[in-house]
Amino acid sequence: MLIIGYFLGSIPSGVWIGKLMYGKDVRNYGSGNMGTTNTFRVLGKKAGTIVLLMDMFKGTLAALLPFLFHSTADPLLIGLAAIIGHVFPIFAGFKGGKAVATSVGVLLVYNPLFFVIAWVIFLVTLYISSMVSVASMLGFLLITIVSFFFKDALLSVVAIALTIFVFVRHYGNIERIKNGTENMVPFGLGYKHRQQKQHK
């Protein structure tokens with residue numbers, strides 16, 4: 001199941017959708033990342049939405065494997081294999097995404113309530129900041145804090161590890177945030193504030 005989970009996570013959704021639907025390799029444009037955010041930026045809403053759902057579903061399907069195989073294995077651990085596969089995909093030269101969407105997909109199976117809380121936190125922080133990078137980092141940090149209230153040691157340990165990893169993977173974004181040059185989604189309070197500053 002760990003091996004299957006890894007291979008599921010390794011499916012490079014952004015690369016495949018870009019090449020099949022648009023004849024483009026998203027890794028050659030924008031931030032060079034094959035994840036959801038860069039796909040939205042390079043290929044548009046349709047492709048971005050498809051990649052988001054595919055990346056989430058990879059984690060969901062991996063976490064479902066213990067149920068499909070009638071195993072007592074922990075869904076979170078099997079889902080973690082898919083997250084590792086997403087970040088270090090064998091099908092894309094071991095250079096993958098930033099683990100956000102696939103991690104959320106695992107939560108849908110492991111703890112649906114926590115999944116809902118995670119989405120609410122992400123959407124609220126995204127609306128306030130208008131930056132996916134900020135929403136991802138701050139979202140994971142807040143989700144980790146919330147995990148302590150669930151009294152689930154494994155969930156908290158995984159959440160802490162993923163939060164550290166997400167911050168490390170967003171190093172370049174942090175520099176752009178400091179410089180005020182980070183890309184924004186075209187909505188939310190942060191975007192509105194930037195637009196007002198540019199028109200002064």
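The values are calculated or read from the model by the stated rules, or taken from the named source; none is laboratory data. Source: prediction; values computed, not measured. Counting neighbours? That spans all protein chains shown, and the Cβs are built from the backbone with ideal geometry, glycine included.
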Check off (1) assigned by TED's automatic domain parsing to the domain that holds Leu154; (2) crowded, with 18+ Cβ neighbours inside 10 Å for Gly79 and give me the number that stays unchecked. (1)
From the option list Ala63, Ala73, single residue qualifying as part of a helix (DSSP H, G or I) and either among the polar types (S, T, N, Q) or closer than 15 Å to Gly5 by Cα (or both) is Ala63
May I ask you to verify whether Lys95 is in the same structural domain as Tyr6 (by TED's automatic domain parsing), among the charged types (D, E, K, R) and either modelled with pLDDT of 95 or more or under 30 Å from Lys192 (Cα atoms) (or both)? no
Quick test for you: out of Leu64, Leu8, pick the one residue that is out of contact with any Gly (no Cβ under 7 Å at 6 or more places or on another chain) and modelled with pLDDT of 95 or more. Leu64
Got at least one residue in the stretch 37-47 being hydroxyl-bearing (Ser, Thr, Tyr) and crowded, with 22+ Cβ neighbours inside 10 Å? yes
Could you tell me whether any residue of the stretch 22-34 is under 23 Å from Met131 (Cα atoms), without any contact (Cβ under 8 Å) to a residue 60 or more places away in the chain, crowded, with 22+ Cβ neighbours inside 10 Å and not β-branched (Val, Ile, Thr)? no
Of the conditions (1) buried (at least 19 other Cβ atoms within 10 Å of the Cβ); (2) on the phi > 0 side of the Ramachandran plot, Gly93 satisfies every one except a single condition; which number is it? (1)
Tell me which residues, restricted to the stretch 54-74, are surrounded by fewer than 15 Cβ atoms within 10 Å (Cβ to Cβ) and not hydroxyl-bearing (Ser, Thr, Tyr). Phe67, Leu68, Phe69, His70, Ala73, Asp74
List the residue pairs whose Cβ atoms are under 7 Å apart, where the first residue sits in the stretch 59-70 and is free of Cβ contacts under 8 Å to residues at least 24 places away in the same chain, the second is assigned to a helix (DSSP H, G or I), and the two are 6 or more positions apart or on different chains. none
Find the residue count for the stretch 166-200, including only residues that are under 18 Å from Met137 (Cβ atoms), part of a helix (DSSP H, G or I) and of a type in the set (S, T, N, Q). 2
